[in-house]
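Heads up, the thing below is written out as structure tokens.
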Amino acid sequence: MTKESVIEVLKTVIDPEVGVDIVRMGMVKNVEISDGEIKCEIALTTPACPLATEIKENVKKTLEENFGKEHKINIVLVSDVRKSKETTIGVQRIVNLDTIKNVKNIIGVYSCKGGVGKSTLSVNLALALAKAGAKVGLLDLDLHGPNIPLMLGIVGTPKIRDSKIQPVEVMGMKVLSIGLLIDNSSPVVWRGPIQTTAVKQLFEDVNWGDLDYLILDLPPGSGDIQLTLAQNIPISGIVAISTPQLVAVVDTIKGINLFEKMGTPNLGIVINMAYYICSHCREKNYIFPKADIDLYLKDKNIPILGEIPIDPLIAQGSDQGKPIVYEYPEHEISKIYQEIASKVASSLSVRTVKRELNIK
Ligand SMILES: Nc1ncnc2c1ncn2[C@@H]1O[C@H](COP(=O)(O)OP(=O)(O)OP(=O)(O)O)[C@@H](O)[C@H]1O
Ligand SMILES: [Mg+2]
């Protein structure tokens, strides 16, 4: 038996999401054959892969069926996040993308409405990806209400090195917010052109370094900032978020069209404060008619990435700078955020791999 024959056998293992074999996908990184053992290194396209166990089992089973009599099979999972393509179709880019050239995926968290939970989702999504082992950055782009410093309990100002702002390292992530750069206690008037300059600087003047995922906490609405971003920043995908009223969902999906028109795909929607769980009987209670939303989104072909309950633990976590995914990683609500993170990460990697392999 040779390394080549092992690789031939691995060509029969199909990636469940992309539907092509793992060798063609470039997931087989290393095969070592030594006395009595075949060691095989498989690189997942994201450390947050929801099907990691299934893939590992499939590889192990296939190799055992073929070589198991004489060899012990040792499968090592690693990850190799793929870089998504630049999707902006900006007429004339005004942002220099040098500082984000080593950022593999940029994810925008968006809603057209204020106060629906964008910042809370951005924080917990970023933490869930970091917990899975990814290199994560979080950029607060809400110039009028930069809440990320409070939500992560960050105080102080970022350091400057080689004339670039260093994001603050907190909870295993690189974080930056306009709230850390200006006096956050008094209101700031941001006229249109100044907004554009500020957004430009939060990319150009910051040492973002190597990142698998950069999460953007976007401000609400569809105005200057959103347009600047859509035209200039290669956002890999948008995660929409809405509260569970049909009117709110409809407006948010309308806002998403702005990004879609500029070539940025919508990865799906998170319904926040979707239901509450009775503290006595633990029953799930939906206040707004869920069926209408489900029907509307099905019709528009927009996947629901997850439903998050309204829960005091989430609000407390945000207010006290101790987000639920960090503070209570095993809590059932943290698991929902982790599932959302896995879906987002795998949706991005499936898109990237399909594009690389020219598969529809
Ligand atoms: N599922 C939830 N359960 C309870 N409280 C929540 C939930 N999601 C968000 N909150 C709380 O609701 C408030 C608004 O959330 P958040 O600041 O994340 O919204 P936002 O969309 O970013 O708002 P803005 O448009 O002002 O930036 C916060 O106090 C937050 O802690
Ligand atoms: Mg916010």
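Readers should treat all values here as calculations from the given coordinates under stated rules, not as data from a laboratory. Computed from a predicted model, the values in this text were never measured in an experiment. Note that each Cβ is placed from the backbone with ideal geometry, even for glycine, and that neighbours are counted across all protein chains shown.
Against the empirical 2.2 N^0.38 Å (N residues), the stretch 3-79 has a Cα radius of gyration ratio of 1.01.
Relative contact order, whole percent, for the stretch 3-79 stands at 32, derived from Cα pairs under 8 Å and 6 or more residues apart. Taking amide H as placed 1.01 Å from N in the peptide plane, the amide H of residue 305 sits under 5 Å from that of 269, 270, 271, each at least 5 places away or on another chain. Taking amide H atoms as placed 1.01 Å from N in the peptide plane, the amide H of residue 103 lies under 5 Å from those of 211, each 5 or more residues away in sequence or on another chain.
Report, in debye and to the nearest 20, how large the dipole of the chain comes out about its Cα centre when Lys and Arg carry +1 and Asp and Glu carry -1 on their Cβ.
Values: 40 positive and 42 negative charges, 134 e Å.
Its charge dipole is roughly 640 debye.
For residue 301 paired with residue 57, estimate the spin-label separation in nm (one decimal), with each label point 7 Å from Cα along the Cα-to-Cβ line. Roughly 3.2 nm, to one decimal.
Each Lys and Arg adds +1 at its Cβ and each Asp and Glu adds -1 at its Cβ; summed about the Cα centre, the stretch 95-233 shows a dipole of about 180 debye.
Tell me the relative contact order for the chain as a rounded percent, counting alpha carbon contacts under 8 Å between residues six or more apart. Walk me through the numbers on the way to the answer.
Working: 689 pairs, mean separation 75.5, N = 360.
Once divided by the residue count of the chain, the mean separation gives 21 percent.
Residues whose amide H lies under 5 Å from that of residue 44, counting only those 5 or more places away or on a different chain, are 78, 79, 80; hydrogens are built 1.01 Å from N in the peptide plane.
Taking 0.36 nm per residue of sequence separation and subtracting the Cα-Cα distance, how much length would be gained by fully extending the chain between residue 315 and residue 3, in nm to one decimal? Mind dumping the intermediate values first?
Numbers: separation 312, 0.36 × 312 = 112.32 nm, distance 5.37 nm.
That pair, residue 315 and residue 3, stretches by 106.9 nm at full extension.
At full extension, residue 159 and residue 322 could sit 56.4 nm farther apart than now, given 0.36 nm per residue minus the alpha carbon distance.
Rg ratio for the chain: its Cα radius of gyration over 2.2 N^0.38 Å, N being its residue count, equals 1.06.
Averaged over residues, the count of other Cβ atoms within 10 Å places the peptides 162-173, 233-244, 141-152 in the sequence 233-244, 141-152, 162-173, highest first. 3J(HN,Hα) along the stretch 158-174, derived from phi through the Karplus expression 6.51 cos²θ - 1.76 cosθ + 1.60 where θ = phi - 60°, amounts to x, 7, 10, 9, 6, 6, 10, 6, 8, x, 7, 8, 9, 6, x, 10, 9 Hz, with x in place of Gly and Pro. Compared with the direct C-alpha span, the chain from residue 277 to residue 200 gains 23.5 nm at full extension, assuming 0.36 nm per residue.
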